[in-house]
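Here it is: the structure, laid out below.
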Amino acid sequence: MTRQGDLYEPKPEHKFSFGLWTVGNRGRDPFGDFVRSAISPVEIVYMLAEVGAWGVNLHDNDLVPIDATCAERGGIIRNFKKACKESGLVVPMATVSLFFHPVFRDGAFTANDHEVRAYALQKTMRAMDLGAELGAKIFVLWGGREGVETDACRRPDEAVKRLRQAVNYLCEYNIDKKYGYKFALEAKPNEPRADIYMATIGHYLGFIPTLDHPDMVGVNPEFAHEQMAGLNFLHGVAQAWEAGKLFHIDLNDQMPGRYDQDLRFGSVSLKSAFWLVKFLEDVKYEGPRHFDAHAYRTEDYEGVKQFARGCMRTYLVFREKSRQWNADKEIQALLKETSVSANGTPKPGRYSRRQAADLLAHHFDTDAILKRKLPYERLDQLTVDILAGVR
Ligand code: GLT
Ligand code: MN
Ligand code: MN
């Protein structure tokens, strides 16, 4: 094998994970039926091991059918654990489906019907039990149905209060059971609801400090979801990181202004994906790199493997490209050039009266400032050259 081949080979230390629902996606959409046959969770585990993934994530009902008996549940978990052990896969994250069953048509934690809200809590606690049994330490909450088609149905601040109450309750359960979970809240602007309450990463970053146990709760940003909202994914991720809240990440891709596509990571937005990988590597993010995507509807299961390998390969290619970018002498020189300032400029740090007096008294030569170069065109073209492989 060539050295390059090695570089792009997924290894456990890269922490690449896939949900059972991602490679297990059968290609049904609102207009057309399944195109691939069902494969069992155990088969998925072996498939993921074959393509070189490190972890497998799941919703409660991806593994245990919603109507399973206690005995059935036990057997399913035993077989799944055995497959994970044999194949060396770990379960880093678990989550709960609060969107598939029709009972959640008006939401789960935010539904108007108190009974639905209580059921959603019970279902989530049971999903937490399941995840803990499999060794998961991250619990994702994606409120896909927590939204509206019409705001006639409730005041949106009431929905926020209900959501807070639910997350607080689940944090207490986590403490009580000593599960040691970190909760990662996942935002999305719309789909399946016309509008979902917690639309973006930023909404959740505002919500988390209002919780009883804010340290236990962070975010699970998804590339496609921020793209759907027309936002710069990297900026949201960076803000979450800076706040110590990047507990998990969902990598995929999405064309702007479309329905929820969940495309292979890096398949559409090459440059944004590159900046993202560079950021995660530069800051030394240590969490899982989870691919929340699925193969094109045109694929069979060989194609699904190609899809999964492609997600990981693109990540690793961009990781190498970001090293090249960081080591590029011309790029580094340009970066240095853009951050010079004249000697003697006051440096506002922490406020002090003396420091503020110096700043107020200083004369700024704006003409001189304007003469300094900001060669971002060249910098960006160098980035494009690197990504295009001509540098
Ligand atoms: C669903 C959704 C994803 C979430 C999953 C976790 S389920 O596929 O589209 O974005 O991360 O609930
Ligand atoms: Mn997701
Ligand atoms: Mn999605």
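The values are calculated or read from the model by the stated rules, or taken from the named source; none is laboratory data. Computed from a predicted model, the values in this text were never measured in an experiment. When we count neighbours, we look across all protein chains shown, and the Cβ atoms used for this are built from the backbone with ideal geometry, even at glycine. Please note that ligands, DNA and RNA were not included when accessible areas were found on the heavy atoms of the full protein model with its side chains. Shrake-Rupley method; radii C 1.70, N 1.55, O 1.52, S 1.80 Å.
If Rh is defined by the Kirkwood formula over all Cα pairs and Rg also comes from Cα, what ratio Rg/Rh do you get for the stretch 239-391? Provide the component values of the computation, followed by the final result.
Numbers: Rg = 21.4 Å, Rh = 19.1 Å.
Using Cα coordinates only, the ratio equals 1.12.
Let me ask something else about it. Give the residue from 181, 369, 21 lying farthest towards the positive end of the charge dipole for the chain; charges sit on Cβ (+1 for Lys and Arg, -1 for Asp and Glu) and the dipole is referred to the Cα centre.
Sorting the options by dipole projection puts first 369.
When the Cα centres of the stretch 365-384 and the stretch 224-239 are compared, how far apart do they sit, in Å?
Taking the Cα centre of the stretch 224-239 as reference, the centre of the stretch 365-384 is 26 Å away.
Step through the table entries 82/305; 245/373; 11/82; 321/371; 11/336, compare each Cα-Cα distance with 24 Å, and write down the pairs that go over it.
Numbers: 82/305 22 Å; 245/373 36 Å; 11/82 21 Å; 321/371 32 Å; 11/336 35 Å.
From the list (82/305; 245/373; 11/82; 321/371; 11/336), the Cα-Cα distance tops 24 Å for 245/373; 321/371; 11/336.
Shifting gears a bit: Given 10 °C and 1.306 mPa s, compute D for the stretch 322-391 with the Stokes-Einstein relation, Rh being the Kirkwood radius over Cα pairs; round to the nearest whole µm²/s. Can you show the working numbers first?
Values: Rh = 14.9 Å.
The calculation lands on 107 µm²/s.
Same structure, new question: Return the sequence-ordered ³J(HN,Hα) values of the stretch 191-197 in whole Hz as given by the Karplus equation 6.51 cos²θ - 1.76 cosθ + 1.60 applied to θ = phi - 60°, using x for Gly and Pro.
So the Karplus estimates, Gly and Pro as x, are 6, x, 7, 4, 9, 9, 4 Hz.
Taking amide H positions as placed in the peptide plane 1.01 Å from N, state which residues far from residue 185 in sequence (5 or more) or on other chains have amide H under 5 Å from it.
So residue 185 has HN proximity to 141, 218, 219, 220.
Helix-only mean residue ellipticity at 222 nm, the chain, DSSP H runs n ≥ 4 weighted -39,500 (n - 2.57), per residue, nearest 500. What is it? List each step's numbers first, then the result.
Values: 16 runs with 183 residues, N = 391.
It comes out at -14500 deg cm²/dmol, rounded to the nearest 500.
Could I ask something else about it? If I take the Cα coordinates of the chain and project them onto the principal axes, what are the three extents in Å, biggest first?
Computed over the chain, the largest-to-smallest principal extents equal 76, 56, 42 Å.
If you average the C-alpha positions of the stretch 255-286 and of the stretch 3-62 separately, how far apart do those two centres end up, in angstrom?
Centre-to-centre (Cα) distance: 18 Å.
Per residue of the stretch 31-41, in order, report the coupling 6.51 cos²θ - 1.76 cosθ + 1.60 (Karplus, θ = phi - 60°) as ³J(HN,Hα) in whole Hz, putting x for Gly and Pro.
10, x, 7, 4, 10, 10, 6, 6, 10, 6, x
For the stretch 1-148, evaluate the Debye formula with one uniform point scatterer on each Cα (no solvent term) and list log10 I(q)/I(0) at q = 0.10, 0.17, 0.20 Å⁻¹, rounded to two decimals.
-0.41, -1.03, -1.28
Hey, what D do you get for the stretch 128-219 in µm²/s if you plug the Kirkwood alpha-carbon radius into Stokes-Einstein at 20 °C and 1.002 mPa s? Don't skip to the end; give the middle numbers.
On the way: Rh = 13.8 Å.
In µm²/s, the coefficient rounds to 155.
Long-range amide H contacts for residue 262: which residues qualify at under 5 Å (H placed 1.01 Å from N, peptide plane, sequence gap of 5 or more or a different chain)?
For residue 262, the qualifying residues are 253.
Could you go through the stretch 293-308 in sequence order and give the Karplus-derived ³J(HN,Hα) for each residue, using 6.51 cos²θ - 1.76 cosθ + 1.60 with θ = phi - 60°, rounded to whole Hz, and x for Gly and Pro?
Whole-Hz 3J(HN,Hα) from phi for the stretch 293-308: 8, 9, 6, 3, 5, 7, 8, 9, 6, 5, x, 5, 5, 4, 4, 5.
Please give me the summed charge of the neighbours of residue 297: other residues whose Cβ is under 12 Å from its Cβ, Lys and Arg +1, Asp and Glu -1. Working shown, then result.
Numbers: positive: 26, 28, 36; negative: 29, 33, 262, 299, 300.
For residues surrounding residue 297, the net value is -2.
Starting from the stretch 347-391, pick out the chymotrypsin sites (Phe, Trp or Tyr not before Pro) whose DSSP state is loop and whose Cβ has at most 11 other Cβ atoms within 10 Å.
Working: sites: 351, 364, 376; in loops: 351, 364.
Those satisfying the criteria are 351, 364.
Give me the 1.4 Å probe accessible area per residue for the stretch 255-312, excluding ligands and nucleic acids, in Å².
Values: 2600 Å² over 58 residues.
With all protein chains present, the stretch 255-312 gives 45 Å² per residue.
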